[in-house]
Amino acid sequence: MTLPSALAAGALLLSLTGRGGNAEAGGKTVTVTIGYQSKTINTVTAGTLLRSLGSFERELRALGRRDGHTYKVKWEDYATGAPITAQMIAGKVDIGSMGDFPLLINSGRGTQLNAPTRLVSVTGYNLRDGLNTVLTAPGSKLRALSGLRGKNVSTSVGSAADGTLVRALQQAGIDPEDGIHKLNQQPAVGASALEAGSADALSQFVAWPGLLAFQGKAKALYDGARLNLPSSGAGHPAEARASRAAARTRVSEAVAALGDSAWQVRKGAATALSAAASELGVPALARALSDAHADVRKAAVLALLPLAERGVGAAREALSSVRSDPDADVRAYAAKATA
């Protein structure tokens, strides 16, 4: 089982809320729109690879056989995460794949505009924010970020590259808004601006910096790894309300997924059940505590822990049963609730 299939299983969390796409006339056909970025390495598993393997479509066909709906998947390719956020807030994209900085904007704007979203899967990460890079032209005399003060700097506002630029400038003592002339441009446009000389520097996310350096069109001025801050690419789906009956149906699907042959799917199902009502989720999560794979047991423990801390007796009882688990993390998490 590959990571994209695990992401499809993680979309069970989306199903638990009872929403996933727009229903067409008659209510039997549901179109799920996915916004992805084919030219961004950190999110490629949640877009290009997932689309090519057809994993999500297979999951939806199986869901359709159970609930009587026909699901269609519409894939929309974007250059950066910012327009995906705009489309999600407008209700036109159901699942979006983006980097960490646009993900935070997505969450904040969604909450402000009463269109909340929820994280379901992290598809890639870099512990030091490496590969997001600020570039200059090959012949540029700029040698440090301090030289960017008052200069024209191209980036995609709201993207992970913008996040790297903002934090790097702050560390260099430059106001990221007033200290430079920021040009809000798509990666390809920014690359052309750098080459033409209308931009003094270009801040972009992987894989654009590496490509431009390889082609001899740019050189690195600042590597995001110098920030020593983690960055990630993520699948970020729309959240919605659900009727009690619909929620019970989705919980049943998550419970069934706990029996899947792939541990990644079982782990995703256990995580999804953390959103279920305790009377529905706890019995299934208690069974998952005996799963053969430690990551599944850890997911089940982490799903049960908040319930135990709120005084749900069945959750505390389930956690007490794994205090002698062979995995140290499972034992430690369980001990927090039963101490």
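I'd like to verify a number: residues in the range 106-124 that are surrounded by fewer than 20 Cβ atoms within 10 Å (Cβ to Cβ) and more than 10 Å from the chain's Cα centre (by Cα), how many? Spell out how you get there, then give the answer.
Taking the range 106-124 as the starting set, the residues that turn out to be surrounded by fewer than 20 Cβ atoms within 10 Å (Cβ to Cβ) are 107-116, 118-119, 122, 124.
Subsequent filtering for residues that are more than 10 Å from the chain's Cα centre (by Cα) retains 107-116.
Number of matching residues: 10.
Quick check, is Leu119 assigned to a helix (DSSP H, G or I) and outside the structural domain of Ala303 (by TED's automatic domain parsing)? Please lay out each step first, then the result.
On the way: assigned to a helix (DSSP H, G or I): no; outside the structural domain of Ala303 (by TED's automatic domain parsing): yes.
Against the criterion (assigned to a helix (DSSP H, G or I) and outside the structural domain of Ala303 (by TED's automatic domain parsing)), Leu119 does not qualify.
Residues checked against (1) outside the structural domain of Phe56 (by TED's automatic domain parsing); (2) within 24 Å of Ala62 (Cα to Cα); (3) free of Cβ contacts under 8 Å to residues at least 12 places away in the same chain; (4) not in a helix (DSSP H, G or I):
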site	(1), (2), (3), (4)
Ala272	yes, yes, no, no
Leu280	yes, yes, no, no
Ser290	yes, no, yes, yes
Lys298	yes, no, no, no
Ala303	yes, no, no, no
Leu319	yes, no, no, no
Asp325	yes, no, no, yes
Val330	yes, no, no, no
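Out of Pro326, Pro306, which single residue is at pLDDT 85 or above, under 28 Å from Thr111 (Cβ atoms) and either over 25 Å from the mean Cα position of the chain (by Cα) or exposed (fewer than 14 other Cβ atoms within 10 Å of the Cβ) (or both)?
Values: Pro326 fails: under 28 Å from Thr111 (Cβ atoms).
Of the residues listed, the single one that is at pLDDT 85 or above, under 28 Å from Thr111 (Cβ atoms) and either over 25 Å from the mean Cα position of the chain (by Cα) or exposed (fewer than 14 other Cβ atoms within 10 Å of the Cβ) (or both) is Pro306.
Need the failing condition index for Arg61 against (1) at pLDDT 85 or above; (2) of a type outside the set (A, V, I, L, M, F, W, C); (3) surrounded by 14 or more Cβ atoms within 10 Å (Cβ to Cβ), just the number.
With respect to (1) at pLDDT 85 or above; (2) of a type outside the set (A, V, I, L, M, F, W, C); (3) surrounded by 14 or more Cβ atoms within 10 Å (Cβ to Cβ), Arg61 is out only on (3).
Condition first: surrounded by fewer than 20 Cβ atoms within 10 Å (Cβ to Cβ) and either touching a helix residue (DSSP H, G or I) at 6+ places or on another chain (Cβ under 8 Å) or outside the structural domain of Gln87 (by TED's automatic domain parsing) (or both). Now tell me which residues in the range 29-54 satisfy that.
Of everything in the range 29-54, those that are surrounded by fewer than 20 Cβ atoms within 10 Å (Cβ to Cβ) and either touching a helix residue (DSSP H, G or I) at 6+ places or on another chain (Cβ under 8 Å) or outside the structural domain of Gln87 (by TED's automatic domain parsing) (or both) turn out to be Ser38, Lys39, Leu49, Leu53.
Pairs needed: first member in the range 142-159, under 25 Å from Pro102 (Cα atoms); second member anywhere, hydroxyl-bearing (Ser, Thr, Tyr) and outside any strand (DSSP E or B); C-beta distance under 6 Å; at least 6 residues apart or different chains.
These pairs meet every condition: Ser156/Thr80; Ser159/Thr80.
So which of Ser52, Ser5 ends up being in a helix (DSSP H, G or I), on the phi < 0 side of the Ramachandran plot, hydroxyl-bearing (Ser, Thr, Tyr) and at pLDDT 80 or above? Let's see the steps before the verdict.
Details: Ser5 fails: at pLDDT 80 or above.
Of Ser52, Ser5, the one residue that is in a helix (DSSP H, G or I), on the phi < 0 side of the Ramachandran plot, hydroxyl-bearing (Ser, Thr, Tyr) and at pLDDT 80 or above is Ser52.
The values are calculated or read from the model by the stated rules, or taken from the named source; none is laboratory data. A quick note: this is a predicted structure, and the numbers were derived from the prediction, not measured. Every residue, glycine among them, receives a Cβ derived from its backbone with ideal geometry; neighbour counts consider all protein chains shown.
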